[in-house]
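See structure below.
Since every read-out is calculated from the coordinates, none of them should be taken as a lab result. It should be emphasised that the depicted structure is a prediction, and the values quoted were computed from it without experimental measurement. So basically every Cβ, Gly included, is an ideal-geometry build from the backbone, and we count neighbours across all protein chains shown.
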Amino acid sequence: MQSSRRCHISWRFTQSATCVASFVLLALSGPSFASCPSDLTGDGIVDAADIASVLGAWGGPGSGDITGDGIVDGADLAAVLGAWGACPSGEPPLQRELASVQLASHPFANFVQSFNAGSTVFVSLDPALVAGVTNAVADVYVVANRSQVDWDADAVLVDARGAPDVVTFGATLATCVKSLATTTLLAGDVLNIGRGYDLVVDLNRNGVLDTGDVIDGRGDAPGFWMVASLTAAGPLAVTQINSFDTNYAPIISTFQLERIYYPTNIQSLDPLPLVVISHGNGHQYTWYDYLGQHLASWGYIVMSHQNNTGPGIETASTTTLQHTAAFISLQASIGGGAIAGKLDADKIIWIGHSRGGEGVVRAYDRIFDNTFVPVNYSLGDIKVISTIAPTDFLGTNSATPHGVPYHLIYGAADGDVCGCPDNDIADSFNLFERSTGERASTYVHGADHNDFNCCGVNDFSGPAGTAIGTAGAQSVAKAAFLAVIKYHVAGQQAAKEYLWRQYEDLRPLGVAGTITVDLDYKDPNATNAIIDDFQTNSATTLSSSGGAVVLTVSNISEGLMNDNNTSFTTQTSDPKNGMVRGRTTDTTRDVIFDFTTPSTVEFTVVPVLEDFSGSTYLSLRAAQGTRHAQTVALAGTLTFSITLVDANAIASTINIGAYGGGVQRPYQRTGAGTGAGWQNEYEVIRVRLTDFLAGGTGIDLSKISTVRLSFGAGAGSDKGRVAIDDIMLDKD
């Protein structure tokens, strides 16, 4: 609050009654303070007694110095007048999720954290759960992210857009989801892909975060992120060295060359992580400019090296191991010393393509098994491994990423590493399923093996008219790689939802709306409880957590994710048709079934797991069974409903289709038998547990007795064949 300049210049309280009057009116019309520093007498009321205290200390220091500037003056008097009346109750503002995407059906709002630049953010409050919302008029502020300490020190609301939205809430859940004017908000912040904002519903409209208000983001984390385009170049100019000869003795003489990319102004930056790209068989180290340029522009040093893939995976892994060591050792001689001292060798990312993809996984496995000891880096320095359509020559025990964060990107129209049922070597998802750490996959319809480099042969093997080409595939790849690295290496939480939110819900800017992408994601470190992962207790009537399973679906089969013949043709003798995600020596398991009438699979929650209130999401992954009669008949995205039931028999149901996605129809590729449809495409579905409270259901999340999956008319798609895995509770 500001006083009149005319009063401030020659303030004399006793000599200027007119100025006092105008000051009082101005103060009373302004916002009140969140706490009560102006209650100098401590009686719980800011009144004339407090004015007297200020006037008694006028002109010097003392208890009347409310503003803390060392002198009691007009600013302190203004503070008293601005806080006039009873002090706030002291109850903190309500903290809950507010930033959301509007949905067409219950629960009407999807509370999320990341929004593409230029998109509309919605604010949602549930009148059944938050007092004072029904038919309320409120000011909604978008505030530049503040920490908990900052909010405690300064509760005055300053909108990042210049002024708050004035919102009129309704009386129902659907009418309490309101759009905000957010399309002009700044996105990203230098090398951070996201810019954080807190969201405040100022219900008492006093311009201060105080009792009765609602905030999303009062802690250190923001309420939401506005995210820059992940496909667009970053803010840094890039220098490219087309060919650098390492002349490094351990490397075979014919595989010494590297192509290098780094920020031109690297000497003004902090040390940067190293990204190593290992090409596939018949490929060249010069074929990944799109990726090297992109990542370097976002603050990484990128090196693509010649790779000795011809003899096999072991030599490919050796080349990656040795080139990583060479680059660290030779940094002072690269680019005339341009990157000397600017390489953070404690943060290394390995990206591999085809045999090079399996090669980087094998390289990690060799360090893990202590059969290769790097000279100037260690296992812990490898922060993430990402593979493009990797092979699986070595199999279960040798091509495994163990617990390192792992990412797979793979084209459904790949004519080389095809995902065929007759060749384990060509099944990239084998490596993904072996991962025991945080893992994410990006499965791209219409992309072939060489769309992820510049110059490989066209091996497109999908239906006519579905090819997305190099530009389309590389737009997906640039977004995926950047999100994976920014999340795992830089710890940027704004990137995380790009790893798991369905593309129908969150599509990176720059990726065409016609491109279909399935995302699968799992983080064992964030798992609070596993209801059923089908790894133990193999009877279909008993979950892996020990609870009873009651089901009315048809043709159920629980077991290894391995298509047990050489064809994708549907056969009753092969219930796991289309599951090319594990060899017979692997252990990854799931359940698959079909339905044509209303049917359920009901999991009894064992008592030790009944408290869902400490978790954030109920998570599972699902896939349609390729070429099955019910999948063919459905001919589209499959949806179903999830119901939680508590100990008091109160139930709450959400249809997964409400969030805009569902379980994708398999890519309609032919071959490997009769019919159309390629491998079964798992994608993750995560439902925020508080969504089950929406509308005042009254369900007790601390005492959940049953998780029910409902299929058929009234619950979602009226028919289908679906595989389910990893039903669990995630804390984030």
For the modelled label position 7 Å from the Cα of residue 565 along Cα-to-Cβ, which residues of the range 592-629 have backbone nitrogen atoms closer than 20 Å? 592-594, 625-629
At R0 = 35 Å, how high is the FRET efficiency between residue 528 and residue 190 if r is their beta carbon distance? Nearest 0.05 is fine. 0.50
Could you check how many percent of all C-alpha pairs in the range 526-730 are farther apart than 22 Å? 47 percent
Can you spot the aspartates and glutamates whose alpha carbon is less than 15 Å from residue 342's alpha carbon? Ignore those fewer than 8 places along the same chain. 270
The set of residues whose placed amide H lies less than 5 Å from the amide H of residue 238, leaving out same-chain residues fewer than 5 positions away, is 264
How far is helix 17-29 tilted, in degrees, relative to the longest principal axis of the Cα atoms in the chain, given as a value from 0 to 90 rounded to the nearest 10? 30 degrees
Partner lysines whose C-alpha sits under 27 Å from that of residue 576, ignoring same-chain residues fewer than 8 away, are 522, 719
Taking H placed 1.01 Å from N in the peptide plane, check which residues at least 5 places from residue 272 or on another chain put their amide H under 5 Å from its amide H. 343, 344
So what is the orientation-averaged projected area of the range 361-510, using the convex hull of its C-alpha atoms, in nm²? 10.1 nm²
In what sequence do 420, 454 fall when counting other Cβ within 10 Å, fewest first? 454, 420
Under the Karplus curve 6.51 cos²θ - 1.76 cosθ + 1.60, θ = phi - 60°, whole-Hz ³J(HN,Hα) for the range 357-365, x wherever Gly or Pro sits: x, 5, x, 6, 5, 5, 4, 5, 4
For the range 347-413, evaluate the Debye formula with one uniform point scatterer on each Cα (no solvent term) and list log10 I(q)/I(0) at q = 0.14, 0.16, 0.26 Å⁻¹, rounded to two decimals. -0.37, -0.48, -1.19
Kirkwood-type radius of the chain, with distances r between different C-alpha atoms, in Å: 28.3 Å
If amide H atoms are modeled at 1.01 Å from N in the peptide plane, then the residues at a separation of 5 or more from residue 640, or on another chain, having amide H under 5 Å from its own are 656, 657, 717
By counting other Cβ atoms within 10 Å of each Cβ, how are 455, 36, 176 ranked from fewest to most? 455, 36, 176
Under 15 Å from residue 478, Cα to Cα: aspartates and glutamates that are on another chain or at least 8 residues apart: 289, 451
Taking the Cα centre of the chain as origin and charging only Cβ (+1 Lys, Arg; -1 Asp, Glu), how large is the dipole, in debye to the nearest 20? 1220 debye
Find, among the GluC sites (Glu not before Pro) in the range 488-579, those assigned to loop by DSSP (not H, G, I, E, B) with at most 16 other beta-carbon atoms within 10 angstrom. 504
Amide N proximity, the range 403-423 versus residue 458 label position 7 Å along Cα-to-Cβ, cut-off under 20 Å: 411-418
Taking 231, 670, 597 and counting other beta carbon atoms within 10 angstrom, the fewest-first order is 597, 670, 231
Please state the Cα pair-distance histogram of the range 238-522 with 10 angstrom bins from zero: what percent is in each bin? 7, 32, 39, 20, 3, 0
For the range 166-197 and the range 472-540, compute the distance between their C-alpha centroids and round to whole Å. 23 Å
For the pair residue 397 and residue 171, the simple spin-label estimate (label points 7 Å beyond Cα toward Cβ) gives in nm 7.0 nm
In whole Hz, with x marking every Gly and Pro, tabulate ³J(HN,Hα) for the range 545-554 from phi via Karplus 6.51 cos²θ - 1.76 cosθ + 1.60, θ = phi - 60°. 8, x, x, 5, 10, 10, 9, 10, 6, 10
Across the range 207-215, in residue order, what do the Karplus-derived ³J(HN,Hα) couplings come to in whole Hz, using 6.51 cos²θ - 1.76 cosθ + 1.60 with θ = phi - 60° and x for Gly and Pro? x, 9, 7, 8, 3, x, 7, 10, 10
